[in-house]
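Scroll down for the structure; my scribbles are underneath it.
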Amino acid sequence: MMTTRPLSFPLQSALIAILTCAGLTTQAIGAEHWIYLDNGHIRLGMNMDAGGSIGWFSPSRSTDNALNAFDHGRYVQQSFYGDKDGSDWNGKPWCYNPVQGGSWKGLPATVLESKVEEHSLYVKTRPRQWANGEEVADMIMEQWHRVEGGLARLRYRMTYTGKTAHQSRKHQELPAVFVNPQRHTLVYCDVKEAAWTDAPLTRRQPGPPGTQGNVFHSSERWAAWVDAQDQGIGILFPHTAMATSYRVSDSGVGNCSYLAPLQTWALQPGMSFKFETVLALGTIKQIRTVFGKIAQQAASQPIVEIIAGGGRAVENQPATECKVTQPFGIAFDPQDNMFICEETHRLLRVDAKTGVLTVVSAAKPSAPIGDAGPVRDASFHAPHNLIADQEGNLYIADTFHYRVRRVDAQTGIVTTLAGNGDKEVSGDGGPAAAAGLGWIACLAFNHDCTQLSISGDGKSGIRVVDMRTGLISTLTGLSGSRAHAVDSKGNVFIPTRFGVRMRSPDGKVQTLEDPTAIPPLAGVKHLWADRDDNLLIADASNHRIRKFIVSERKLITLAGNGAKGSEGVPGPALQALLGEPHGVVTHPRTGDIYIADSRNHRVLRLKQRP
């Protein structure tokens, strides 16, 4: 059941509602417009005059509201933090802080769009700055709320269209949850090794805001506020294991219990960030049981895990115990050994059988390039990509040496396949090694490795080396991107904002896009055709790995939630934070996806859970 009142409500007909909330009788006077979703189990209420924020959660037809809605900051709602902006909150210097509900002085946020169905509500909101009350023109907040049995499933998306790249990494509330003060005890599991094994729970009463120890770790990624009878409200937050809390217990009607799951990152232009959470009512045992079932269902979803990087060793140790610095490209040889090129000039190898990392080459780019010598003595200048052929020979995009280098699989000797070291593009129709390439960023073979295609600055188009003749040419019809991919049929792709442009072997070019995709692609660094001839995309500026399903013209997200950071690994792929990924490939045998998580200095694997 859903109950609603009209969007406009004349003041002369102002509703006076008496609400009994957790034993506290308050009087709400005014023209507030609330929408309630009631499925016979639970009742969820959203204040449409506070940006659609959630201010009511109770059993169906009950007056016992678990939530606190004391002011426009006291809801279940989105709230984000950026750099200091000169604003002032009640005498305190404040920062860029869009809040879904509105400002601290009671100016409400604006609902731009809403859609109500029987058990769900969609709301699109223009937030307000918490401190100065100004409407935030460069951010949109969206909410999808649904009641399902005894659960409230909440899905959120924030889109930041501002031009300012905020420098301060702040704790972001995902979401902020304010609970009525009768739920005074915070309960959660912080035993990492014992998650979902009925390990003992931590119970405590947090102090006021700013108290040391209010930030905590929840290994099962949920927490609950309960009363003296162990009844209360639970919050499941699968996107993070970190949360913060506090209690206000000395201000009368302003008393509350507070909880916010946290991630730490800085707002960046073009950012679109999604997360989900679940609310439940009941005893601690009931709450933990239902959240455990949800976690078990989620266990079948793809996860990301670290394969290389994160350690301190230089080499000759497991790859996860070694240091990897700004990996840009990943390749596999026929024996499943993994090779990594770093922007910081090194070439690395991870043994398929032992998982041990070794340094193949570490010469500084100022050293001689080392042609005709062993790879350990060769130098590479910020290599952006590499690829292996069917025999295991490596081809490296030696970006600022303006060459494609070849490492022989049998001898380890390095030679130049293409590029004469010149920044200017030249040489079509002639030997590839005598051609000018400019700077290069991406390499791709066709299905039988008879053609190697090269892209870089985006201006010169895609160059193609015939591996049988050694001659180089330029493809017509595709330019404007550093990234490209070639599928098994010989189609060549470059990214657009909402999909790809495709050049078929007969030279025809067409654009394939998904105009509904959010966010649009931004700063794409690499494309890769998977075994089904769909395109994997390193969507660096959105900190995501995307997939374009060619037959459906559909753009989806495989990994990353849109924020730049390193949290959530290992864990569900869509909840992980990435840092400007520059490379993505599939394992030739397993089909697992490998990600060069460049600014986090690690290589990740995306795979289905066993």
Overall Cα dimensions of region 342-497, principal axis frame, Å, largest first = 43, 34, 33
Using the Cβ atoms and a cut-off under 10 Å, what net charge is assigned to the surroundings of ILE545, where Lys and Arg are +1 and Asp and Glu are -1?
-> +1
What the Cα atoms of region 272-384 span along the principal axes, largest first and in whole Å, is 71, 35, 27
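How many Å³ per residue does the convex hull of the Cα positions in region 331-391 occupy?
82
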Compactness of region 448-494, expressed as Rg and Dmax over alpha-carbon positions, Å = 10.3, 28
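For ARG157, ARG128, give the ranking by accessible area with the largest first, probe 1.4 Å. Please list the in-between numbers first.
Values: ARG157 30, ARG128 50 Å².
The residues order as ARG128, ARG157, largest area first.
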To the nearest Å², the heavy-atom accessible area per residue of the chain with 1.4 Å probe amounts to 41
The percentage of the accessible area of the chain (probe 1.4 Å, all protein chains present) made up of carbon and sulfur atoms, to the nearest whole number, is 51
Bins of 10 Å from zero: percent of alpha-carbon pairs in the chain | 3, 16, 24, 21, 15, 12, 7, 2, 0
Quote the Stokes-Einstein diffusion coefficient, in whole µm² s⁻¹, for region 205-276, based on the Kirkwood radius over alpha carbon pairs, a temperature of 37 °C and a viscosity of 0.692 mPa s.
-> 235
Taking amide H positions as placed 1.01 Å from N in the peptide plane, with prolines and chain starts having none, which residues 5 or more places from ALA441, or on another chain, fall under 5 Å of its amide H?
-> SER455, GLY456
Computed from the beta carbon distance with a Förster radius of 22 Å, FRET efficiency for GLU117 and HIS41 to the nearest 0.05 stands at 0.85
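Using a 1.4 angstrom probe with every protein chain in place, what is the largest-first accessible-area order of LYS105, LYS459, LYS323? Please list the in-between numbers first.
On the way: LYS105 160, LYS459 185, LYS323 120 Å².
So, going from the largest accessible area down, we get LYS459, LYS105, LYS323.
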Over all alpha-carbon pairs of region 349-424, lay out the pair-distance distribution in 5 Å bins, whole %, shortest bin first.
-> 3, 16, 24, 29, 16, 7, 3, 1, 0
When you count, for each residue, the other Cβ atoms within 10 Å and take the mean per peptide, how do 141-153, 396-408, 374-386, 80-92 rank with the highest first?
-> 396-408, 374-386, 141-153, 80-92
Hey, what number do you get for the chain at 222 nm if only DSSP H runs of n ≥ 4 count, each worth -39500 (n - 2.57), divided across all residues, to the nearest 500?
-> -1000 deg cm²/dmol
Work out the FRET efficiency for ARG204 and THR469 from their Cβ-Cβ distance, taking R0 = 60 Å, and round it to the nearest 0.05.
-> 0.25
Whole-Hz couplings from phi, Karplus 6.51/-1.76/1.60, listed for region 40-47; x for Gly and Pro | x, 10, 9, 10, 10, x, 10, 8
Note down the nm distance, to one decimal, between modelled labels 7 Å out along Cα→Cβ at GLU193 and at ASN337.
-> 3.7
At 1.002 mPa s and 20 °C, Stokes D of region 151-301 from Kirkwood alpha-carbon radius, µm² per second = 132
Mind putting together the pair-distance distribution for region 59-131? All Cα pairs, 5 Å bins, whole percent per bin, short to long.
-> 3, 15, 18, 20, 19, 11, 7, 4, 2, 0
If you wrap region 28-99's Cα atoms in a convex hull and average its projection over all directions, what's the area in nm²?
-> 6.0
PRE zone check, label point 7 Å out along Cα-to-Cβ of THR415, amide N under 13 Å, scope region 333-374, hits 371-373
For region 80-91, just list the computed ³J(HN,Hα) in residue order, Karplus coefficients 6.51, -1.76 and 1.60, θ = phi - 60°, integers in Hz, with x standing in for Gly and Pro.
-> 10, 10, x, 6, 4, 10, x, 7, 9, 10, 6, x
Report the convex hull volume per residue for region 22-154, counting only C-alpha atoms, in Å³.
-> 109
Answer with one residue from GLY523, THR202, GLY429: the one whose Cα lies farthest towards the positive end of the charge dipole of the chain, charges on Cβ with Lys, Arg +1 and Asp, Glu -1.
-> THR202
Note: ASN90 to ASP371 extended length (0.36 nm per residue) minus current alpha-carbon separation gives 94.5 nm
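Provide VAL99, VAL253 ordered by accessible surface of protein heavy atoms (probe 1.4 Å), highest first.
Values: VAL99 5, VAL253 95 Å².
Putting VAL99, VAL253 in descending order of accessible area: VAL253, VAL99.
The values are calculated or read from the model by the stated rules, or taken from the named source; none is laboratory data. Since the model is a prediction, treat every value here as computed from it, not as a measurement. Virtual Cβ from ideal backbone geometry, glycine too; neighbours counted across all protein chains shown. Side chains included, ligands, DNA and RNA excluded: accessible areas come from the protein's heavy atoms. Shrake-Rupley method; radii C 1.70, N 1.55, O 1.52, S 1.80 Å.
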